[in-house]
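Colleague: Provided herewith is a single structure, encoded as C-alpha cells, for subsequent inquiry.
The values are calculated or read from the model by the stated rules, or taken from the named source; none is laboratory data. Being a predicted model, the structure only gives us computed values, none of them experimental. Neighbour counts run over all protein chains shown; Cβ positions are idealised from the backbone, glycine included.
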Ligand SMILES: NC(=O)c1ccc[n+]([C@@H]2O[C@H](COP(=O)([O-])OP(=O)(O)OC[C@H]3O[C@@H](n4cnc5c(N)ncnc54)[C@H](O)[C@@H]3O)[C@@H](O)[C@H]2O)c1
Ligand SMILES: [Zn+2]
C-alpha cells in the first residue's frame, strides 16, 4: 500500500496570505526567522489578518538559518506557555522546519530529539494545534512536505525528521513573499527545487501520483529559474509554484543521495567558518549523482525521460544522461554556483581555493560518507552506494572530477 499526503488546503496566487483571515481558533503563534518577514511588512500583515479572525497572537522570532535542536526546544517551551491552537510558520525552510519540530515537542513534551528522528515514528499530532506554513523562499517546499531538517551542532550533522504527521494542515504559497529574495537565495533555493523534482522522479518510491508533479516542476524550473535569478518578476512568481509542485512530489516519492550528501556535508565544516548552503550543495552534487545512478538501467531510462521533457535531444539514454548533466552544470554557471566543494568559497561563490581545505576534507571523508549512507534519503535512491563508492562520489564532488564507476 502506498500513501499520498498533502496539506488539506493550499492557498496560492496573489494575496493568498489573506487566507489567514478565515482561520478559526483562539490563539495563534507566529514563528519567523531573522527579520526579513518583519522588514518587508509580511509579518505585520499576517498578525493583523489573524487578529481579524479573532485570534490572540504571540510570536517566536529570530529562528536562525539551519535551526538547531536548542532553538526547537526553546520555541516549544514558549508554545507550552502560550498554548496556541494554530502554529503559523512563515519564512524560508529554516523557521518552518524549526516550527514543525517545536510542534511535536509542544504536543508531546516528553518527546526527545532522538525520538523525533525515528523515521515515520511521530505520534499523532493535532491534539493541541493545527499547522500553517507560509513559504518565502522558492525551494524547500517545506510548506507541503512531511519533512523538517534540524541541525545537531554538537555532531555537525543535519537530521531529517520525516513523518506525514508533520505535513502542514494549510500551506500558503503567495508569490509576493518570494519577490524580496536576494539573487543568491533565488539561485540556491531554485537548485534545491530542481534537485527535489529530479530525485523524486528517479526515486524507488516514485508513482503515478508523484511523476506528473515532478516532471511539470522540472519543466517550469528549466523555463523560469535563470530568468527569476536575473530579475523577471513573473518568472519569480512561477518559480514559487514550481518549487511547491516539486515538494508535493518528493514529500510522497522521497529523495535520494544528493540530499543524503548535502545533509551530511552542510554543517561538517562549520568550524571553518561557513556552511555549504543546502541548495548549493545539491546543485554541485546532482550532476555527479546522476552519473552514478545512471549505471542503474531503470534510473537511466528515467533520466532519459526527463531529458526528453526538457527537450535536450540525444539519440539514446546514454546521450540523454550526458546532455542532462551538461544542462544542469550550465545552470550552475548561470547562477554563479561552483561545481565542487574544492572551489566553494565561504560566500558560496566559485573561487580558486574553497573554504574547506583538502586535507580536512580527506580526513573527515570516511565519517561523512558513513553518515551519508545512513541518512534517511539513501533508502529510496535507485542505486545504494557502498562505503567505498560513497567516498569516491564525495571525492568527485570535492575535486569536480568525472564519475565513471
Ligand atoms: N523540510 C524540508 O522538506 C526541507 C527540504 C529542503 C531543505 N530544507 C532545509 O531548509 C533550510 C533552508 O531553507 P531555505 O533555503 O528556505 O532558507 P532559510 O530559511 O535558511 O533562509 C535563508 C535566509 O534567507 C532569508 N530570507 C528568507 N526569505 C526571504 C525573502 N523572501 N526575502 C529576503 N530574505 C529572505 C532568511 O531571513 C535567511 O537569512 C535548510 O536547513 C535545509 O536543510 C528542508
Ligand atoms: Zn532540499
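Colleague: Being in the same structural domain as residue 23 (by TED's automatic domain parsing) and within 16 Å of ligand 2 (Cβ to nearest atom) is true for just one of 113, 164, 147. Which residue is that?
Modeller: Working: 113 fails: within 16 Å of ligand 2 (Cβ to nearest atom); 164 fails: within 16 Å of ligand 2 (Cβ to nearest atom).
Selected residue: 147, the only one of 113, 164, 147 that is in the same structural domain as residue 23 (by TED's automatic domain parsing) and within 16 Å of ligand 2 (Cβ to nearest atom).
Colleague: Tell me yes or no: at least one residue of the range 256-269 is more than 15 Å from ligand 1 (Cβ to nearest atom) and over 14 Å from the mean Cα position of the chain (by Cα). Show your work before the answer.
Modeller: Filtering the range 256-269 down to residues more than 15 Å from ligand 1 (Cβ to nearest atom) leaves 269.
Still in the list and also over 14 Å from the mean Cα position of the chain (by Cα): 269.
Within the range 256-269, one or more residues are more than 15 Å from ligand 1 (Cβ to nearest atom) and over 14 Å from the mean Cα position of the chain (by Cα).
Colleague: Of all residues in the range 213-237 being without any contact (Cβ under 8 Å) to a residue 24 or more places away in the chain and assigned to a helix (DSSP H, G or I), which is nearest to residue 301 (Cα to Cα)?
Modeller: 223
Colleague: Considering (1) touching a strand residue (DSSP E or B) at 6+ places or on another chain (Cβ under 8 Å); (2) within 15 Å of ligand 2 (Cβ to nearest atom); (3) under 24 Å from residue 253 (Cβ atoms), say which one residue 101 fails and leave the rest.
Modeller: Tallying (1) touching a strand residue (DSSP E or B) at 6+ places or on another chain (Cβ under 8 Å); (2) within 15 Å of ligand 2 (Cβ to nearest atom); (3) under 24 Å from residue 253 (Cβ atoms), residue 101 fails exactly one: (2).
Colleague: Turning to a different aspect of this structure: Tally up the residues in the range 371-390 that are within 16 Å of residue 152 (Cβ to Cβ) and either modelled with pLDDT of 95 or more or in a helix (DSSP H, G or I) (or both), please. Quick ask: steps written out before the conclusion?
Modeller: We begin by selecting, within the range 371-390, every residue within 16 Å of residue 152 (Cβ to Cβ); these are 371-372, 374-376.
Adding the requirement that they be either modelled with pLDDT of 95 or more or in a helix (DSSP H, G or I) (or both) leaves 371-372, 374.
So the count comes out to 3.
Colleague: I need the full set of residues from the range 396-405 which are within 18 Å of residue 364 (Cβ to Cβ), over 22 Å from the mean Cα position of the chain (by Cα) and buried (at least 20 other Cβ atoms within 10 Å of the Cβ), in order please. Don't jump to the end; show me each part of the working.
Modeller: The first filter runs over the range 396-405 and keeps only residues within 18 Å of residue 364 (Cβ to Cβ), leaving 396-399.
Right, trim to over 22 Å from the mean Cα position of the chain (by Cα) and you get 396, 399.
Result: 396, single match.
Colleague: Okay, next question. Residues 174, 110, 97: which one is surrounded by 23 or more Cβ atoms within 10 Å (Cβ to Cβ) and out of contact with any helix residue (DSSP H, G or I) (no Cβ under 7 Å at 6 or more places or on another chain)? Write out each step before concluding.
Modeller: Numbers: 174 fails: out of contact with any helix residue (DSSP H, G or I) (no Cβ under 7 Å at 6 or more places or on another chain); 110 fails: surrounded by 23 or more Cβ atoms within 10 Å (Cβ to Cβ).
97 is the lone residue from the list that is surrounded by 23 or more Cβ atoms within 10 Å (Cβ to Cβ) and out of contact with any helix residue (DSSP H, G or I) (no Cβ under 7 Å at 6 or more places or on another chain).
Colleague: Sticking with this one: Can you name the residue in the range 273-304 that is modelled with pLDDT under 95 and away from ligand 2 (no atom under 16 Å from the Cβ) and is also surrounded by the fewest Cβ atoms within 10 Å (Cβ to Cβ) among such residues?
Modeller: Among those residues, the one meeting the criterion is 273.
Colleague: When you scan the range 51-67, do you find a residue that is in a helix (DSSP H, G or I), out of contact with any strand residue (DSSP E or B) (no Cβ under 7 Å at 6 or more places or on another chain) and surrounded by 19 or more Cβ atoms within 10 Å (Cβ to Cβ), even just one?
Modeller: Taking the range 51-67 as the starting set, the residues that turn out to be in a helix (DSSP H, G or I) are 51-52.
Checking the rest, the ones that are also out of contact with any strand residue (DSSP E or B) (no Cβ under 7 Å at 6 or more places or on another chain) come to 52.
Subsequent filtering for residues that are surrounded by 19 or more Cβ atoms within 10 Å (Cβ to Cβ) retains none.
No, there is no match, as no residue in the range 51-67 is in a helix (DSSP H, G or I), out of contact with any strand residue (DSSP E or B) (no Cβ under 7 Å at 6 or more places or on another chain) and surrounded by 19 or more Cβ atoms within 10 Å (Cβ to Cβ).
Colleague: In addition: Kindly establish whether residue 249 is within 16 Å of ligand 1 (Cβ to nearest atom) and closer than 30 Å to residue 389 by Cα. Lay out the reasoning, then the answer.
Modeller: Values: within 16 Å of ligand 1 (Cβ to nearest atom): yes; closer than 30 Å to residue 389 by Cα: yes.
Yes: the conditions hold for residue 249.
Colleague: State all residues of the range 391-405 that are part of a helix (DSSP H, G or I) and either in contact with a helix residue (DSSP H, G or I) (Cβ under 6 Å, 6 or more places away or on another chain) or within 24 Å of residue 149 (Cβ to Cβ) (or both); if no residue qualifies, say none.
Modeller: Let us first name the residues in the range 391-405 that are part of a helix (DSSP H, G or I), namely 391-399.
Result: 391, 393, 394, 396, 397, 398, 399.
Colleague: Something else now. Would you pick out the residues in the range 189-212 that are assigned to a helix (DSSP H, G or I) and either outside the structural domain of residue 281 (by TED's automatic domain parsing) or surrounded by fewer than 24 Cβ atoms within 10 Å (Cβ to Cβ) (or both)? First the steps, then the outcome.
Modeller: Taking the range 189-212 and keeping what is assigned to a helix (DSSP H, G or I), we get 189-202, 211-212.
Answer for the range 189-212, where residues must be assigned to a helix (DSSP H, G or I) and either outside the structural domain of residue 281 (by TED's automatic domain parsing) or surrounded by fewer than 24 Cβ atoms within 10 Å (Cβ to Cβ) (or both): 211, 212.
Colleague: Filter the range 328-361 for residues that are in a helix (DSSP H, G or I) and without any contact (Cβ under 8 Å) to a residue 24 or more places away in the chain and give the result. Talk me through it step by step, then tell me what you get.
Modeller: Taking the range 328-361 first, the residues in a helix (DSSP H, G or I) are 328-334, 341-343, 358-361.
Result: 330, 333, 359.
Colleague: Would a scan of the range 38-54 turn up a residue that is more than 22 Å from residue 182 (Cβ to Cβ) and within 15 Å of ligand 1 (Cβ to nearest atom)?
Modeller: Here is the first cut: in the range 38-54, the residues more than 22 Å from residue 182 (Cβ to Cβ) are 47-54.
Imposing the further condition that a residue be within 15 Å of ligand 1 (Cβ to nearest atom) reduces the set to none.
No, there is no match, as no residue in the range 38-54 is more than 22 Å from residue 182 (Cβ to Cβ) and within 15 Å of ligand 1 (Cβ to nearest atom).
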